[in-house]
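What follows is one structure encoded as structure tokens, with my remarks underneath.
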Amino acid sequence: MKVEDIKQRVETCTKCDLCKTRTNAVPGKGDSNARIIFIGEAPGRKEDEKGEPFVGAAGKKLENALAKSGISRQSIYITNVVKCRPPNNRVPTESERESCRQFLFEEIDAINPDIICVLGNTASNSVLGQGEITKNRGKIIEKNGKKYFLTFHPAAVIYNQELARTFESDISTLAKIIQK
Ligand code: URA
């Protein structure tokens, strides 16, 4: 399946109740030949308004870390576990994640990246069945023939300088892995 087809199906999806409160669904965005996919949690207010992932404060943090590591935003693909904004930015429920799971698999399949960067505990729980980002961040995990790299969610580092430094160092490690 092509990324464009997945995008269209996400935009018209009514599989869960989040479709009733969304302004726009937020499909993944980026290079369909990307070597890295980034996976976040769910759209926030800005993303819901624009229909694009990571366009708010967390997106800026991610973009800055990428730029410092020499990765352009245009060269990657960014998506979320859940494609519609949960009211008040609550954590998406298990059933909402389940409704959206197929889209994420299809995106990964369509892009077939070298590595999947999992941002934060919600994404890590959904994609790898494990949380504990603090313990597992900065490492490559291999599962079912795919490579994953775990780090903090960029929203978690906005008000924490120490986490922000670790996040930037993780993104720089990821850039080195991809350059090999
Ligand atoms: N947080 C996320 O997890 N995803 C977005 O798209 C924006 C903020």
Check your understanding: Has the range 48-55 got at least one residue that is within 16 Å of the ligand (Cβ to nearest atom), out of contact with any helix residue (DSSP H, G or I) (no Cβ under 7 Å at 6 or more places or on another chain), at positive phi and part of a loop (DSSP other than H, G, I, E, B)?
Key -> yes
Check your understanding: Right, N33: farther than 21 Å from G131 by Cβ, part of a loop (DSSP other than H, G, I, E, B) and away from the ligand (no atom under 13 Å from the Cβ) or not?
Key -> yes
**Study point:** Pair list, Cβ < 9 Å and 6+ apart or interchain, from the range 52-64 residues that are over 16 Å from T23 (Cβ atoms) and of a type in the set (K, R) to residues that are in a helix (DSSP H, G or I) and within 10 Å of the ligand (Cβ to nearest atom)
**Key:** K60/P154; K61/P154; K61/A155
Practice item. Please determine, by comparing only the residues of the range 118-150 that are hydrophobic (A, V, I, L, M, F, W, C) and out of contact with any Asp or Glu (no Cβ under 9 Å at 6 or more places or on another chain), which one is modelled with the highest pLDDT. Key: V118
Check your understanding: Which residue pairs have Cβ atoms under 8 Å apart, sit 6 or more places apart or on different chains, and have a first residue in the range 164-177 that is within 17 Å of E63 (Cβ to Cβ) and a second that is of a type outside the set (A, V, I, L, M) and modelled with pLDDT under 95?
Key -> none
Exercise for review: State which residue is surrounded by the most Cβ atoms within 10 Å (Cβ to Cβ) when the search covers only the range 62-83 and only residues that are hydrophobic (A, V, I, L, M, F, W, C) and assigned to a loop (DSSP other than H, G, I, E, B).
Suggested key: V82
Revision key, fill the gap. In the range 97-114, anything surrounded by fewer than 18 Cβ atoms within 10 Å (Cβ to Cβ) and not in a helix (DSSP H, G or I) is listed as N112, D114
Check your understanding: Of (1) in contact with a Gly (Cβ under 9 Å, 6 or more places away or on another chain); (2) farther than 18 Å from D170 by Cα; (3) within 10 Å of the ligand (Cβ to nearest atom); (4) touching a residue at least 60 places away in the same chain (Cβ under 8 Å), R45 satisfies all except one. Which?
Key -> (4)
Review point. Would the range 16-26 turn up any residue that is within 30 Å of S169 (Cβ to Cβ) and surrounded by fewer than 14 Cβ atoms within 10 Å (Cβ to Cβ)?
Key: no
Check your understanding: Residues in the range 21-36: is at least one closer than 14 Å to I116 by Cα, at pLDDT 95 or above and among the hydrophobic types (A, V, I, L, M, F, W, C)?
Key -> yes
Review point. Do you know which residues across the range 135-180 are on the phi > 0 side of the Ramachandran plot and either out of contact with any Leu (no Cβ under 9 Å at 6 or more places or on another chain) or of a type in the set (D, E) (or both)?
Key: N144, G145
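Conditions (1) touching a helix residue (DSSP H, G or I) at 6+ places or on another chain (Cβ under 6 Å); (2) in a loop (DSSP other than H, G, I, E, B); (3) basic (K, R); (4) away from the ligand (no atom under 11 Å from the Cβ), marked per residue:
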site: G59; (1), (2), (3), (4): no, no, no, no
site: R85; (1), (2), (3), (4): yes, yes, yes, no
site: V127; (1), (2), (3), (4): no, no, no, yes
site: G131; (1), (2), (3), (4): yes, yes, no, yes
site: E142; (1), (2), (3), (4): no, no, no, yes
site: Y159; (1), (2), (3), (4): no, yes, no, yes
site: E168; (1), (2), (3), (4): yes, no, no, yes
site: I171; (1), (2), (3), (4): yes, no, no, yes
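The values are calculated or read from the model by the stated rules, or taken from the named source; none is laboratory data. Since the structure is predicted, the reported quantities are computational estimates derived from the model, not experimental observations. Using ideal geometry, Cβ is built from the backbone for each residue, glycine included, and neighbour counts are taken over all protein chains shown.
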